[in-house]
Amino acid sequence: MKGHLTRNLFPEPQKTKGRVMSTIAAFYSGKSILITGATGFLGKVLMEKLFRTSPDLKVIYILVRPKAGQTLQQRVFQILNSKLFEKVKDVCPNVHEKIRAIYADLNQNDLAISKEDKQELLSCTDIVFHCAATVRFDDHLRHAVQLNVTATQQLLLMASQMPKLEAFIHISTAFSNCNLKHIDEVIYPCPVEPKKIIDSMEWLDDAIIDEITPKLIGDRPNTYTYTKALGEMVVQQESSNLNIAIVRPSIVGATWQEPFPGWVDNLNGPSGLIIAAGKGFLRAIRGTPKAVADLIPVDTVANLTLAVGWYTAVNRPKSTLIYHCTSGNFNPCYWGKMGFQVLAAFEKIPFERAFRRPYADFTTNTITTQYWNAVSHRAPAIIYDFYLRLTGRKPRMTKLMNRLLRTVSMLEYFLNRSWEWSTYNTEMLMSELSPEDQRVFNFDVRQLNWLEYIENYVLGVKKYLLKEDMAGVPKAKQHLKRLRNIHYLFNTALFLIAWRLLIARSQMARNVWFFIVNFCYKFLSYFRASSTLKV
Ligand SMILES: CCCCCCCCCCCCCCCCCCCCCC(=O)SCCNC(=O)CCNC(=O)[C@H](O)C(C)(C)COP(=O)(O)OP(=O)(O)OC[C@H]1O[C@@H](n2cnc3c(N)ncnc32)[C@H](O)[C@@H]1OP(=O)(O)O
Ligand SMILES: NC(=O)C1=CN([C@@H]2O[C@H](COP(=O)(O)OP(=O)(O)OC[C@H]3O[C@@H](n4cnc5c(N)ncnc54)[C@H](OP(=O)(O)O)[C@@H]3O)[C@@H](O)[C@H]2O)C=CC1
């Protein structure tokens, strides 16, 4: 479909209230856009931005499955009525009419789209943003291949039958090649062809798949990164027929600026750990303080993705361009520093009913980690469960702690390494944008102030994930003070018991004790005498 387009792809920039309208926003006006994964974290932000900046777009088709007892319409209704979409309603009051939910299940080979819906998609779609994926690290290979590889292949097949299609934007991850230290904007081949993997998943049984999984994923840490790499290969194989680009974000975090700072709605990446640390469950982690914490705000990813969609459609690059959406080489932050910033934010914005006082220690040593896990994580959980049992309640803390530590162990790989991603294409794209587009579709993370971002992130986690009201902050602070006093009391009691046992058994300890008491007595006498003389 490359080069087949005859329509005018360079709409004249329009003027809005004396300011030149963004070229990118103008480009999406009147377009029919297909988004997969629109109910996910990134998909929602992408859709919100499209509606807000290009309210004249024709329609956004979203592929949705019913979930948690909700129909497609109920899911769409919930999204449109969420806080995230508040601003959209002012700019695009008929947003409900411009969104068309299409039943689809990416778990099924034909994506389970009805004939009529498929026909409409094929004839109307101008741009595709493919965000859907399974992002679970421990997903069974069969499921991860189905979602991240086969579904991508199916969607590309559909895209190749769309006569109006101008661009297909595939969202991958910057970690698809995390087995390498330096990653260029190229597709690195995996040893086994994706088509062979897809075929084999059809006839191999689960037990055999389990056995071959470690061999297939090789030096990647999980099935997620492996299948995302396979997904990219599939995209490359189809790229001769289509106008495709790939966006590779690193660790996607809460919004930086738009539609408002700190919005987040799932526990993936840092968000879950921020909760665990803020509630005092997680106090130490095996992580390298000097490793780069390559977080990227979700609105930055959405902005870059929309800019890529415009650039790919308008310029029709000869090869598939890959865009790294990372922060490390523009404005690096490090895990140790981020830990401090998160802790500082908890001082101002404490979470309610914390289990212990928040503390964040990054340690690189495995023995120290095991020590902290035993003393700081498991022991308090066991003590608390004992207390629950004593008071006739069901113990739950040990189970919760074990799950948390399992989750943490899966994230550790990413907390102990730094990667370098080359960003020539991203920088090239930035330079291609007009000043207005650079403002409206800002993806320049050099402007990001980490301290401010992290504070807003913690606030967002409190408000949108924990649903805690800011009115409860004084009470939460009081609760933390009480925990601090309990902590001091507990430590003092522990020290006194240990000391009492020691002086009962050792003459040396007794001598040291009498020396200290004597010294304190003399110091106090001297202090009292000198203050009496002054009077
Ligand atoms: C003391 C120090 C404190 C420090 C202070 C803080 C400083 C800031 C430090 C920030 C460091 C950030 C490091 C990020 C590195 C990410 C790198 C990503 C790179 C790739 C990026 C991508 O390209 S890809 C998108 C990312 N993709 C995920 O990030 C999925 C992960 N996830 C799963 O793969 C599944 O979750 C897994 C785990 C299998 C469990 O699986 P599972 O079956 O056991 O359980 P579930 O998933 O059902 O979750 C069971 C319970 O864990 C809760 N939970 C789920 N996630 C959680 C989570 N991240 N942290 C906590 N808690 C989490 C959940 O809410 C449940 O809680 P509950 O039981 O109460 O409901
Ligand atoms: N979050 C991150 O840190 C990063 C994410 N990425 C990539 O960004 C993209 C979006 O990720 P993110 O928004 O965080 O992920 P989410 O888990 O929040 O969203 C995943 C989306 O995929 C949809 N989906 C999953 N399975 C199916 C299915 N069987 N049928 C139909 N839809 C399905 C989900 O729908 P439903 O709501 O029904 O479950 C949801 O809309 C992914 O491609 C991911 O690999 C890349 C780097 C980092």
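The values are calculated or read from the model by the stated rules, or taken from the named source; none is laboratory data. Quantities reported herein were computed from a predicted structural model and do not represent experimental measurements. Methodologically, a virtual Cβ is constructed for each residue, glycine included, from the backbone with ideal geometry; neighbour enumeration extends over all protein chains shown. All accessible areas refer to the heavy atoms of the entire protein, side chains included, with ligands and DNA or RNA removed. Shrake-Rupley method; radii C 1.70, N 1.55, O 1.52, S 1.80 Å.
Worth a mention:
- Antiparallel content of DSSP bridges confined to the stretch 235-392, in %, to 5: 10
- 24 Å Cα-Cα threshold exceeded, pairs from Lys67/Lys195; Lys98/Lys318; Lys181/Lys290; Lys49/Lys83: Lys67/Lys195; Lys98/Lys318
- Under 5 Å between amide hydrogens, built in the peptide plane, is the criterion, and for Leu321 it picks out Ile246 among residues at least 5 positions away or on other chains.
- The overall shape of the chain, judged from the alpha-carbon gyration tensor, is prolate: a/c is not under 1.5, and a/b is greater than b/c.
- Listed residue pairs exceeding 25 Å between alpha carbons, taken from Lys31/Lys115; Lys44/Lys348; Lys215/Lys399; Lys58/Lys467; Lys279/Lys399: Lys44/Lys348; Lys215/Lys399; Lys58/Lys467
- In this structure, the amide hydrogen of Thr134, modeled 1.01 Å from its nitrogen in the peptide plane, lies closer than 5 angstrom to those of Asn148, counting only residues at least 5 positions away or on a different chain.
- Per-pair calculated FRET efficiency, R0 = 41 Å: Lys181 and Asp56 via Cβ, rounded to 0.05: 0.35
- What separates the Cα centres of the stretch 202-217 and the stretch 102-162 is a distance of 23 Å.
- Cα gyration tensor, the stretch 363-474 - rounded (a/c under 1.5), prolate or oblate: oblate
- Among the protein heavy atoms of the stretch 476-534, carbon and sulfur supply 72% of the accessible surface, probe 1.4 Å, non-protein parts ignored.
- Among residues other than Ser200 with Cβ under 14 Å from its Cβ, the summed charge is -3 (Lys and Arg +1, Asp and Glu -1).
- In sequence order, calculated HN-Hα J values of the stretch 156-164 (Karplus, 6.51, -1.76, 1.60; Hz; x Gly/Pro): 5, 4, 4, 4, 5, 9, 9, x, 8
- Unit charges at the beta carbon, dipole of the chain: most positive-side option, Met47, His96, Asn329: Asn329
- Taken one residue at a time, the phi angles of the stretch 518-530 give Karplus couplings (6.51, -1.76, 1.60, θ = phi - 60°) of 4, 4, 4, 4, 5, 4, 5, 4, 5, 4, 5, 4, 5 Hz. Gly and Pro are set to x.
- Over the residues of the chain, the helix contribution to mean residue ellipticity at 222 nm works out to -15500 deg cm²/dmol, using -39500 (n - 2.57) for each DSSP H run of at least 4.
- Rounded, prolate or oblate (a/c below 1.5 giving rounded, otherwise prolate when a/b exceeds b/c) for the stretch 476-534 by Cα gyration tensor: oblate
- Set of the stretch 181-225 residues, backbone N closer than 20 Å to the point 7 Å along the Cα-Cβ line of Tyr424: 181-189
- Protection proxy ranking of 360-368, 319-327, 118-126 - average other beta-carbon atoms within 10 Å, highest first: 319-327, 118-126, 360-368
- Across the stretch 227-244, rounded Karplus estimates of 3J(HN,Hα) from the backbone phi angles (6.51 cos²θ - 1.76 cosθ + 1.60, θ = phi - 60°) give 6, 5, 5, 4, x, 5, 4, 4, 4, 4, 5, 9, 6, 5, 8, 10, 9, 10 Hz, Gly and Pro being marked x.
- Amide H to amide H, with H built 1.01 Å from N, Glu185 comes under 5 Å of Ser422, counting only residues 5 or more places away or on other chains.
- For Glu347 and Lys115, the FRET efficiency from 1/(1 + (r/R0)^6), where r spans their Cβ atoms and R0 equals 45 Å, is about 0.15.
- Length-normalised contact order for the chain - Cα pairs under 8 Å, 6+ apart - percent: 16
- Counting only protein heavy atoms and a 1.4 Å probe, the chain has 49 square angstrom of accessible area per residue.
- Reach of Lys196 by Cα under 19 Å, taken over aspartates and glutamates that are not fewer than 8 positions away in the same chain: Asp110, Asp205, Asp206, Asp210, Glu211, Glu232, Glu238
- Put simply, when 491-501, 157-167, 253-263 are sorted by average Cβ atoms within 10 angstrom per residue, most first, you get 253-263, 157-167, 491-501.
- Gain on full extension, evaluated as 0.36 nm per residue between Glu193 and Asp361 minus their Cα-Cα distance, stands at 56.3 nm.
- Rounded to 5, percent antiparallel among DSSP beta bridges of the chain: 10
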